[in-house]
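So the structure is just underneath, and the comments pick up after that.
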Amino acid sequence: AQGRLGPGRVHQCMNLIGLAQRAYEAMLKRASDRVVFGRPITQHGMAQEALARSRCELEQARLLTHAAAATLDRRGIRLAREHLAMIKVAVPEMACTVIDRAIQIHGALGLSQDSFLAAAYAQARAARIADGPDQVHMSSLARLLS
């Protein structure tokens, strides 16, 4: 059973990265289109930081997931456990954070049914619990590291 969980976790993380990327793109568009106090939101510090941090976090998650998949392919499930534990914690957390920022940039629209963001957040948040809460994976990772 453990042999099937590794590829499944990589797949789930790839899906979450795609979901967070979609939220990031929506956030970027909204921040460019929406004018507040006479300037697009992209010219305000809060939005600039949200966009920059989100872009960095997306790339970190993407690279970590790639490393986990490469290790799984080259070395097998047993030697990839550390990477798999890391992505199981890092990627869903990143997705929640990026999607939450996108909701913030969208304001009330981000919570409405006119946007995919509320459903995306619910999906990302559920991923942090479905296969065991973050704390379980952190504990497993800590045991692998020591």
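Structure values in brief
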{"quantity": "Residue list for the stretch 52-69, filter: open to solvent by less than 20 Å² (accessible area, probe 1.4 Å), under 14 Å from the mean Cα position of the chain (by Cα) and not β-branched (Val, Ile, Thr)", "calculated": "Ser54, Leu58, Ala61"}
{"quantity": "Helices (runs of 4 or more DSSP H) contained entirely in the stretch 45-146, each with at least 2 residues that are closer than 26 Å to Glu25 by Cβ and among the hydrophobic types (A, V, I, L, M, F, W, C)", "calculated": "45-75, 77-106, 117-130"}
{"quantity": "Any hit, the stretch 70-88, residues being in contact (Cβ under 8 Å) with a residue 12 or more places away in the chain, open to solvent by 30 Å² or more (accessible area, probe 1.4 Å) and either touching a Cys at 6+ places or on another chain (Cβ under 7 Å) or among the small types (Gly, Ala, Ser) (or both)", "calculated": "no"}
{"quantity": "Any hit, the stretch 28-36, residues being assigned to a helix (DSSP H, G or I), buried (at least 18 other Cβ atoms within 10 Å of the Cβ) and in contact with a strand residue (DSSP E or B) (Cβ under 8 Å, 6 or more places away or on another chain)", "calculated": "yes"}
{"quantity": "Selected residue (only one of Gln123, Gln113, Gln135 is surrounded by fewer than 20 Cβ atoms within 10 Å (Cβ to Cβ) and at pLDDT 95 or above)", "calculated": "Gln123"}
{"quantity": "Some residue of the stretch 23-37 being at pLDDT 95 or above, within 25 Å of Pro133 (Cβ to Cβ) and under 11 Å from the mean Cα position of the chain (by Cα)", "calculated": "yes"}
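The values are calculated or read from the model by the stated rules, or taken from the named source; none is laboratory data. On a predicted model such as this, the values are computed, not experimentally measured, just so you know. Backbone-built Cβ (ideal geometry, glycine too); neighbour counts: all protein chains shown. Accessible surface areas use protein heavy atoms only, side chains included; no ligands, DNA or RNA. Shrake-Rupley method; radii C 1.70, N 1.55, O 1.52, S 1.80 Å.
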